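Engineer: Mind having a look at this structure? Questions to follow.
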Amino acid sequence: MRVRLEDVAAAAEVSVTTVSRVLSGRGTVAAATRERVHRALERVGYTRSTLLRPSPARLVVVGAPEAPEHWQLDVCNGVADRLQAEGLLTAPVFLGSDLADVRACIAAGAAAVVTPTFTELDVDVPVVRFAEAAVRAEAPRPAGGTRVGGEWVAAHIDLTGGLTLAFEHLSALGHRRIGLVCNESGALARQLEERFLAEHPVRGLTSRLDEWIAAVPKSYSGGIEAATRLRDATCTALIVQSALQLYGVFAAMRQRRLVVPRDLSVVGFGDSSTMRYTAPPATVLGLDNPGMTQALVAGVRTVLDLPGEGMRSVPPTYRPRLLARASTAAARS
């Protein structure tokens with residue numbers, strides 16, 4: 001059975017952060033505590049020789065999804081820049097299904113992983129990430145942030161609030177048959193589906209909501225497939241998770257000689273400069289990228305016990321804001 005940092009911490013009766021300090025050779029740890037950790041390492045059979053040697057600087061993995069959204073890349077870049085400015089080394093990786101690149105960085109001495117995703121990561125160092133605002137941890141809360149298992153939630157993203165904004169906007173325009181285009185896999189896609197079913201404005205009036213969800217590949221062609229399917233299911237408006245899918249939705253309408261928003265209103269998730277230059281400019285649920293970046297950096301400071309502002313005892317909640325442009329209009333009677 002693979003031994004984790006949590007096992008060592010439990011055996012030594014210290015925190016995971018203290019174990020991480022001993023392994024990395026950095027930070028202040030009492031001699032007696034250090035000796036207790038080393039005895040626990042031997043007792044539970046935990047070895048990682050590269051971390052037992054002092055390193056010139058702390059290494060942090062900055063992980064993005066394999067097919068990241070623009071906002072996730074923006075946050076990753078911001079986190080890497082901030083951490084480097086504070087004297088840390090960063091290793092940018094993509095979070096593959098087997099986490100091979102992440103594990104390679106950990107084997108090379110990475111002390112933590114930080115990622116603008118909702119995905120739980122099974123690795124042997126602390127993970128700083130996001131969670132959906134409706135998901136609350138039942139585990140005891142430490143001095144800073146919310147800890148879920150071996151992971152630290154630096155901020156909550158209010159998907160429910162974002163979908164509510166989109167529903168309110170589209171409902172005010174007369175739309176009732178509102179569909180969802182989401183990725184075919186991933187924690188964010190699953191949570192969007194759950195909130196879509198729970199928050200849809202006509203959830204008590206129709207049994208067709210499942211037909212109005214298109215879980216498709218996170219791609220341009222996936223967007224074309226989804227738009228075609230949902231338009232045939234009589235949807236008059238769509239909420240779209242991925243930018244690539246959104247571009248495909250627009251293309252599908254052109255292929256059918258239909259027009260956005262006359263024949264189909266579209267709301268995207270996450271803003272970028274390209275969203276303002278689609279034809280027509282896309283209405284989107286924008287996110288606070290600088291705020292989310294700051295929250296993740298504060299999480300890394302807390303986990304690694306670094307100077308500066310750490311995680312709050314109650315992590316901030318970020319709610320998307322609706323940026324109404326020209327891809328939404330009144331439903332046709």
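Coordinate-derived values only; no laboratory data. Being a predicted model, the structure only gives us computed values, none of them experimental. Please note: Cβ atoms are built from the backbone with ideal geometry, for glycine as well, and neighbour counts cover all protein chains shown.
Engineer: Classify the stretch 159-287 as rounded, prolate or oblate, taking a ≥ b ≥ c as the square roots of the eigenvalues of its Cα gyration tensor: rounded when a/c is under 1.5, otherwise prolate if a/b is larger than b/c and oblate if not.
Structural biologist: Rounded, since a/c falls under 1.5.
Engineer: HN-Hα J couplings of the stretch 232-246 from phi, Karplus 6.51/-1.76/1.60, θ = phi - 60°, integer Hz, Gly and Pro as x?
Structural biologist: For the stretch 232-246, the Karplus-derived couplings read 5, 7, 6, 5, 9, 8, 10, 10, 10, 6, 9, 4, 4, 5, 4 Hz, x marking Gly and Pro.
Engineer: What full-extension length gain, to one decimal in nm, is calculated for Arg254 and Ser219 as 0.36 nm per residue of separation minus the Cα-Cα distance?
Structural biologist: On the way: separation 35, 0.36 × 35 = 12.60 nm, distance 1.72 nm.
Gain on stretching Arg254 to Ser219: 10.9 nm.
Engineer: Pull up all non-local amide H partners of Tyr318: gap of 5 or more, or a different chain, and H-to-H distance under 5 Å with H placed in the peptide plane.
Structural biologist: His156, Ile157, Asp158
Engineer: A further question follows. Compute the relative contact order of the chain as a whole-number percentage, counting only Cα pairs closer than 8 Å that sit 6 or more residues apart in sequence.
Structural biologist: Numbers: 653 pairs, mean separation 57.1, N = 333.
Result for the chain is 17 percent.
Engineer: Also, I was wondering about something else. Using the Cβ atoms and a cut-off under 11 Å, what net charge is assigned to the surroundings of Thr160, where Lys and Arg are +1 and Asp and Glu are -1?
Structural biologist: With Lys, Arg at +1 and Asp, Glu at -1, the neighbours total -2.
Engineer: Tell me the net charge near Thr206. Cut-off is 11 Å between Cβ atoms, Thr206 excluded, with +1 for each Lys or Arg and -1 for each Asp or Glu.
Structural biologist: Numbers: positive: Arg176, Arg177, Arg203, Arg208; negative: Asp210, Glu211.
Residues close to Thr206 contribute a combined charge of +2.
Engineer: Cβ under 13 Å from Thr283's Cβ, Thr283 left aside: what net charge do those residues give with Lys, Arg +1 and Asp, Glu -1?
Structural biologist: +1
Engineer: Which percent, to the nearest 5, of DSSP beta bridges fully inside the chain are antiparallel?
Structural biologist: Values: 6 of 42 bridges.
Just about 15 percent of them are antiparallel.
Engineer: In addition: Using label points projected 7 Å from each Cα along Cα→Cβ, tell me how many nm separate Arg39 and Asn77, to one decimal.
Structural biologist: So the two model labels end up 5.1 nm from each other.
Engineer: Which whole-number percentage describes the relative contact order of the stretch 186-245, with Cα contacts under 8 Å and a sequence gap of 6 or more? The partial results should precede the final answer.
Structural biologist: Numbers: 34 pairs, mean separation 18.6, N = 60.
Once divided by the residue count of the stretch 186-245, the mean separation gives 31 percent.
Engineer: Select one label from (i) 1.06; (ii) 0.97; (iii) 1.14: the one whose number is Rg/Rh (Cα atoms, Kirkwood Rh) as derived from the coordinates shown.
Structural biologist: (i)
Engineer: DSSP loop (so not H, G, I, E, B), at most 16 other Cβ within 10 Å: list which GluC sites (Glu not before Pro) in the stretch 159-216 pass both filters.
Structural biologist: Taking the stretch 159-216 and a limit of 16 other Cβ atoms within 10 Å, the loop GluC sites (Glu not before Pro) found are Glu184.
Engineer: Identify which of Leu246, Leu170, Leu89 has the largest mean-square fluctuation in a Gaussian network model of the chain, with springs joining Cα atoms closer than 10 Å.
Structural biologist: In the Gaussian network model the winner is Leu89.
Engineer: Roughly what angle does helix 159-172 make with the longest principal axis of the chain, taking Cα atoms, 0 to 90 degrees, to the nearest 10?
Structural biologist: Long axis of 159-172 versus the principal axis of the chain: about 10 degrees.
Engineer: Cα gyration tensor of the stretch 271-333, axes a ≥ b ≥ c as square roots of the eigenvalues: rounded (a/c below 1.5), prolate (a/b > b/c) or oblate? Numbers along the way, then the final one.
Structural biologist: Working: a/c = 6.62, a/b = 2.90, b/c = 2.29.
It comes out prolate by the Cα gyration axes.
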